[in-house]
Amino acid sequence: MQVEVNVQDYFSTAARSTATEADPFSCSISMDTWERWFHQWLETLQSDLPQADAYELSLRLTDDTEIQALNAQYRHKDQPTDVLAFAAMEVNSPQLPTLMQLSLPLYLGDLVISVETAERQAQQQGHSLQTELGWLATHGLLHLLGWDHPDEESLRGMLNQQEILLQTVELIS
(Lines give C-alpha, C1' and ligand atoms only; values in the text may rest on other atoms or scores of the structure.)
Protein backbone atom coordinates (compact mmCIF):
# COMPACT_ATOMS: atom_id res chain seq x y z
CA MET A 1 0.00 0.00 0.00
CA GLN A 2 1.27 3.45 -0.90
CA VAL A 3 0.35 6.53 1.10
CA GLU A 4 0.96 10.08 -0.06
CA VAL A 5 0.66 12.84 2.53
CA ASN A 6 0.83 16.47 1.44
CA VAL A 7 1.91 18.38 4.55
CA GLN A 8 1.54 22.14 4.64
CA ASP A 9 3.18 23.52 7.76
CA TYR A 10 2.32 27.16 8.43
CA PHE A 11 5.02 27.28 11.10
CA SER A 12 7.87 26.36 8.75
CA THR A 13 7.09 29.13 6.25
CA ALA A 14 8.71 32.53 5.94
CA ALA A 15 5.85 34.02 7.98
CA ARG A 16 7.37 32.26 10.98
CA SER A 17 11.04 32.86 10.11
CA THR A 18 11.46 34.73 13.39
CA ALA A 19 10.76 31.57 15.42
CA THR A 20 13.25 30.96 18.19
CA GLU A 21 14.51 27.83 19.90
CA ALA A 22 12.10 28.58 22.75
CA ASP A 23 9.14 28.82 20.38
CA PRO A 24 7.05 25.65 20.97
CA PHE A 25 5.81 25.72 17.39
CA SER A 26 9.31 25.56 15.90
CA CYS A 27 9.56 21.84 16.80
CA SER A 28 7.88 20.20 13.87
CA ILE A 29 7.37 16.62 12.79
CA SER A 30 9.18 15.70 9.57
CA MET A 31 7.38 14.85 6.35
CA ASP A 32 8.88 11.34 6.54
CA THR A 33 7.45 10.86 10.03
CA TRP A 34 3.97 11.99 8.98
CA GLU A 35 4.06 9.65 5.96
CA ARG A 36 5.26 6.74 8.11
CA TRP A 37 2.55 7.39 10.70
CA PHE A 38 -0.29 7.67 8.17
CA HIS A 39 0.96 4.59 6.33
CA GLN A 40 0.93 2.58 9.57
CA TRP A 41 -2.48 3.92 10.57
CA LEU A 42 -4.02 3.11 7.19
CA GLU A 43 -2.48 -0.37 7.28
CA THR A 44 -4.13 -0.87 10.68
CA LEU A 45 -7.46 0.46 9.37
CA GLN A 46 -7.52 -1.56 6.13
CA SER A 47 -10.89 -3.08 6.92
CA ASP A 48 -12.38 0.46 7.07
CA LEU A 49 -10.84 1.56 3.76
CA PRO A 50 -12.24 1.38 0.26
CA GLN A 51 -10.02 -1.00 -1.71
CA ALA A 52 -7.15 0.85 -3.45
CA ASP A 53 -3.44 0.39 -4.07
CA ALA A 54 -2.61 3.91 -2.92
CA TYR A 55 -4.18 6.59 -0.75
CA GLU A 56 -3.61 10.33 -0.53
CA LEU A 57 -4.54 13.02 1.96
CA SER A 58 -3.45 16.50 2.87
CA LEU A 59 -2.53 17.80 6.30
CA ARG A 60 -2.29 21.50 7.14
CA LEU A 61 -0.66 22.52 10.40
CA THR A 62 -1.83 26.01 11.22
CA ASP A 63 -2.64 28.52 13.94
CA ASP A 64 -5.82 29.40 15.83
CA THR A 65 -6.63 32.37 13.58
CA GLU A 66 -6.72 30.30 10.39
CA ILE A 67 -8.57 27.33 11.88
CA GLN A 68 -11.13 29.70 13.43
CA ALA A 69 -11.81 31.19 9.99
CA LEU A 70 -12.26 27.70 8.51
CA ASN A 71 -14.44 26.60 11.41
CA ALA A 72 -16.65 29.67 10.95
CA GLN A 73 -16.88 29.21 7.19
CA TYR A 74 -17.57 25.46 7.09
CA ARG A 75 -19.12 24.63 10.48
CA HIS A 76 -20.64 28.02 11.37
CA LYS A 77 -18.73 28.02 14.67
CA ASP A 78 -16.71 31.22 15.01
CA GLN A 79 -14.11 29.86 17.40
CA PRO A 80 -10.81 28.00 17.14
CA THR A 81 -10.88 24.22 17.29
CA ASP A 82 -8.16 21.59 17.44
CA VAL A 83 -8.77 19.61 14.24
CA LEU A 84 -11.02 19.84 11.19
CA ALA A 85 -11.55 16.97 8.75
CA PHE A 86 -12.90 17.46 5.24
CA ALA A 87 -13.69 14.01 3.81
CA ALA A 88 -13.48 13.54 0.07
CA MET A 89 -15.70 10.44 0.07
CA GLU A 90 -19.26 9.88 1.14
CA VAL A 91 -19.76 7.46 4.01
CA ASN A 92 -20.83 4.04 2.77
CA SER A 93 -19.80 4.92 -0.79
CA PRO A 94 -19.73 2.01 -3.23
CA GLN A 95 -16.46 0.22 -3.86
CA LEU A 96 -14.38 1.61 -6.70
CA PRO A 97 -14.19 -0.31 -9.96
CA THR A 98 -10.96 -2.29 -10.33
CA LEU A 99 -9.74 -0.11 -13.22
CA MET A 100 -9.85 3.02 -11.04
CA GLN A 101 -7.72 1.30 -8.42
CA LEU A 102 -4.83 1.01 -10.85
CA SER A 103 -4.48 4.65 -11.87
CA LEU A 104 -4.36 7.33 -9.16
CA PRO A 105 -4.22 7.27 -5.37
CA LEU A 106 -7.62 7.40 -3.71
CA TYR A 107 -7.95 10.87 -2.19
CA LEU A 108 -9.31 10.61 1.35
CA GLY A 109 -9.57 14.33 2.14
CA ASP A 110 -8.01 17.19 4.08
CA LEU A 111 -7.04 17.54 7.73
CA VAL A 112 -6.34 20.89 9.39
CA ILE A 113 -4.78 20.99 12.86
CA SER A 114 -4.22 24.07 14.99
CA VAL A 115 -0.76 23.69 16.50
CA GLU A 116 -1.54 26.49 18.96
CA THR A 117 -4.55 24.60 20.33
CA ALA A 118 -2.58 21.34 20.25
CA GLU A 119 0.16 22.93 22.36
CA ARG A 120 -2.34 24.10 24.99
CA GLN A 121 -4.02 20.68 25.05
CA ALA A 122 -0.67 18.88 25.32
CA GLN A 123 0.22 20.98 28.36
CA GLN A 124 -3.19 20.31 29.94
CA GLN A 125 -2.88 16.55 29.29
CA GLY A 126 0.75 16.43 30.45
CA HIS A 127 2.19 14.95 27.27
CA SER A 128 4.32 16.16 24.36
CA LEU A 129 3.18 18.29 21.46
CA GLN A 130 4.16 15.40 19.18
CA THR A 131 1.78 13.06 21.02
CA GLU A 132 -1.05 15.61 20.85
CA LEU A 133 -0.50 16.18 17.13
CA GLY A 134 -0.60 12.40 16.61
CA TRP A 135 -3.79 12.19 18.68
CA LEU A 136 -5.47 14.92 16.61
CA ALA A 137 -4.25 13.43 13.31
CA THR A 138 -5.72 10.02 14.19
CA HIS A 139 -8.99 11.65 15.22
CA GLY A 140 -9.18 13.54 11.93
CA LEU A 141 -8.20 10.46 9.92
CA LEU A 142 -11.02 8.45 11.47
CA HIS A 143 -13.45 11.23 10.51
CA LEU A 144 -12.15 11.08 6.92
CA LEU A 145 -13.00 7.37 6.94
CA GLY A 146 -16.57 7.93 8.14
CA TRP A 147 -16.19 7.55 11.89
CA ASP A 148 -18.24 9.94 14.01
CA HIS A 149 -19.16 10.41 17.66
CA PRO A 150 -22.78 11.60 17.95
CA ASP A 151 -23.16 9.82 21.31
CA GLU A 152 -21.02 8.69 24.25
CA GLU A 153 -20.72 5.08 23.03
CA SER A 154 -19.52 6.16 19.57
CA LEU A 155 -17.04 8.56 21.16
CA ARG A 156 -15.62 5.82 23.40
CA GLY A 157 -15.19 3.54 20.38
CA MET A 158 -13.45 6.26 18.42
CA LEU A 159 -11.14 7.17 21.32
CA ASN A 160 -10.25 3.48 21.78
CA GLN A 161 -9.40 3.23 18.07
CA GLN A 162 -7.21 6.35 18.35
CA GLU A 163 -5.28 4.74 21.21
CA ILE A 164 -4.72 1.62 19.11
CA LEU A 165 -3.44 3.73 16.22
CA LEU A 166 -1.10 5.74 18.45
CA GLN A 167 0.32 2.51 19.89
CA THR A 168 1.22 1.33 16.37
CA VAL A 169 3.63 4.27 16.00
CA GLU A 170 4.72 4.10 19.66
CA LEU A 171 3.34 7.52 20.64
CA ILE A 172 1.69 5.92 23.66
CA SER A 173 2.30 2.66 25.43
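The values are calculated or read from the model by the stated rules, or taken from the named source; none is laboratory data. Because the structure is a prediction, the values reported are computed rather than measured. In this analysis, Cβ positions are derived from the backbone assuming ideal geometry, glycine residues included, and neighbour counts consider all displayed protein chains.
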Practice prompt. Please work out if Gln68 is modelled with pLDDT under 95 and polar (S, T, N, Q).
Written response: no
Worksheet entry | Odd one out for Leu136, checked against (1) over 25 Å from Gln51 (Cα atoms); (2) at pLDDT 95 or above | (1)
Worksheet item: Of the conditions (1) of a type in the set (D, E, K, R); (2) more than 23 Å from Gln121 (Cβ to Cβ); (3) surrounded by fewer than 14 Cβ atoms within 10 Å (Cβ to Cβ), Arg75 fails just one. Which one is it?
Response: (2)
Item to complete: Scan the range 147-156 and give yes if some residue there is surrounded by fewer than 18 Cβ atoms within 10 Å (Cβ to Cβ), within 23 Å of Val7 (Cα to Cα) and among the basic types (Lys, Arg), otherwise no.
Response: no
Practice prompt. May I ask you to list the residues in the range 45-72 that are surrounded by 15 or more Cβ atoms within 10 Å (Cβ to Cβ), more than 15 Å from the chain's Cα centre (by Cα) and in a helix (DSSP H, G or I)?
Written response: Asp64, Glu66, Gln68, Leu70, Asn71
Item to complete: Answer yes or no as to whether Val91 is closer than 24 Å to Glu163 by Cβ, under 20 Å from the mean Cα position of the chain (by Cα), modelled with pLDDT under 95 and not polar (S, T, N, Q).
Response: yes
